[in-house]
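What follows is a set of notes on a single structure, which appears directly below.
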Amino acid sequence: IEKVSKQVFDGKLVNHILVNEYKSGQGIDAHEDGPLYYPCVAIVSLESTVIIKFKKKEIEMDDDFDSDEEDDQLETLNYVLEPQSLIVFKGTYYTNYLHSIEETTTSIVDQQTQNRRETYKIGTEIPRGER
């Protein structure tokens, strides 16, 4: 754990480990991780490919706020996590975005998927098993 902490968590020791099992089709509602995990979260996907979504938190709007600006504030970014892959997020992703995994048995790569490549073109369907 010390070796990983030094490389992934800026030299700080891991302060919390949580292990979850999800059945095929199970999702995770959009949420932010609380102070227990601050300032950094690492997620390992063990058994199945999945798409994790990051959606910018909504901000309170006043009457003078332009709706076009509102759309810009609600940006969504998706990432494909393959089996045995690791995603680490901190900073803006930790404080300004909610993350979720859609409740479905098939994830679909779209234009918001940031790590597309030859294997994962727009429209690619990814079957989901247990993870």
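The values are calculated or read from the model by the stated rules, or taken from the named source; none is laboratory data. Because the structure is a prediction, the values reported are computed rather than measured. All Cβ positions, even for glycine, are placed from backbone atoms using ideal geometry, and neighbour counts span all protein chains on display. Side chains are part of the model used for accessible areas, which takes the heavy atoms of the whole protein and leaves out ligands, DNA and RNA. Shrake-Rupley method; radii C 1.70, N 1.55, O 1.52, S 1.80 Å.
Assorted remarks:
- Ala30 fulfils the conditions (1) over 17 Å from Ser85 (Cα atoms); (2) at pLDDT 90 or above; (3) in a loop (DSSP other than H, G, I, E, B) except for a single criterion, (3).
- Residue in the range 5-26 that is touching a helix residue (DSSP H, G or I) at 6+ places or on another chain (Cβ under 9 Å), of a type outside the set (Val, Ile, Thr) and modelled with pLDDT of 90 or more present: no
- Within the range 86-108, tally of residues that are more than 19 Å from Lys23 (Cβ to Cβ) and open to solvent by 30 Å² or more (accessible area, probe 1.4 Å): 10
Residue by residue, here is whether (1) of a type outside the set (D, E, K, R); (2) open to solvent by less than 40 Å² (accessible area, probe 1.4 Å); (3) at pLDDT 90 or above holds:
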residue: Leu36; (1), (2), (3): yes, no, no
residue: Cys40; (1), (2), (3): yes, yes, no
residue: Val50; (1), (2), (3): yes, yes, yes
residue: Ser67; (1), (2), (3): yes, no, no
residue: Asn78; (1), (2), (3): yes, yes, yes
residue: Asp110; (1), (2), (3): no, yes, yes
residue: Ile122; (1), (2), (3): yes, no, yes
